[in-house]
1. Might you report the magnitude of the Cβ-based charge dipole of the chain about its Cα centre, with Lys and Arg at +1 and Asp and Glu at -1, to the nearest 20 debye?
2. Given labels modelled 7 Å from the Cα in the Cβ direction, how far is it in nm from GLN107 to ALA125?
3. Kindly state, to the nearest 0.05, the FRET efficiency for ARG32 paired with THR84, given R0 = 25 Å and r defined as their beta-carbon distance.
4. Run the helix sum for the chain: -39,500 (n - 2.57) per DSSP H stretch of 4+ residues, divided by residue count, reported at 222 nm to the nearest 500 deg cm²/dmol.
5. With axes computed from alpha carbons, what is the tilt in degrees of helix 118-127 against the longest principal axis of the chain, rounded to the nearest 10 within 0 to 90?
6. How many angstrom lie between the Cα centre of region 2-46 and the Cα centre of region 71-134?
7. For ALA99 and ARG46 in one chain, what is 0.36 nm times their gap in residues minus the Cα-Cα distance, to one decimal in nm?
8. Quickly work out the LYS115-to-SER59 label distance, labels modelled 7 Å from Cα along the C-beta direction, and quote it in nm with one decimal.
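Values in this text are rule-based calculations from the coordinates and carry no lab data. Computed from a predicted model, the values in this text were never measured in an experiment. Every residue, glycine as well, gets a Cβ built from its backbone with ideal geometry; the counts of neighbours run over all protein chains shown.
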Amino acid sequence: LPDDLGRSPMEFVHLDAMPALDWAQALAVLARCPRLTSLTACNNPRIGPQLDGLGALRSLRQVYLAGCGLAEVPPALCELPALTELSLIDNPLTQVPDALALLPTLQRVMLPKGKALAAERRRLATLRPELRLL
């Protein structure tokens, strides 16, 4: 992404299916966007190792990471104090960390369907009953 994008007043960015993108660089640029509240980065199967930089995007309220091949929830998501909505559908997840579910602003989480997460859904519903698990 161009470096001067970091001075942009944009609030939403959609970077779906961009396999050649340098995600570490892109997240560093986006971290300088003061009004960025929504990031969509779906269908980027190589993004997982680069998501450490996501924690720097402190103003994010919505994050959509469907179809990114994530076997675990990126720890950086648990560092987003304003996060209200998260989509992790179509990822091979088997667990959701308590730290994510306990984010006080988080209202809605979209998780993969199927038996692999059935017990996790029940556990999260007990841990945080008001959290909408879709």
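1. Details: 14 positive and 13 negative charges, 100 e Å.
For the chain, the charge dipole is close to 480 debye.
2. Spacing of the two 7 Å Cα→Cβ label points: 2.1 nm.
3. Efficiency, from the Cβ-Cβ distance: 0.70.
4. Helix-only estimate at 222 nm: -4000 deg cm²/dmol.
5. Tilt of helix 118-127: around 90 degrees.
6. Distance between centres, Cα-based: 22 Å.
7. Answer, rounded to one decimal: 16.7 nm.
8. Going from the SER59 label point to the LYS115 one covers 4.6 nm.
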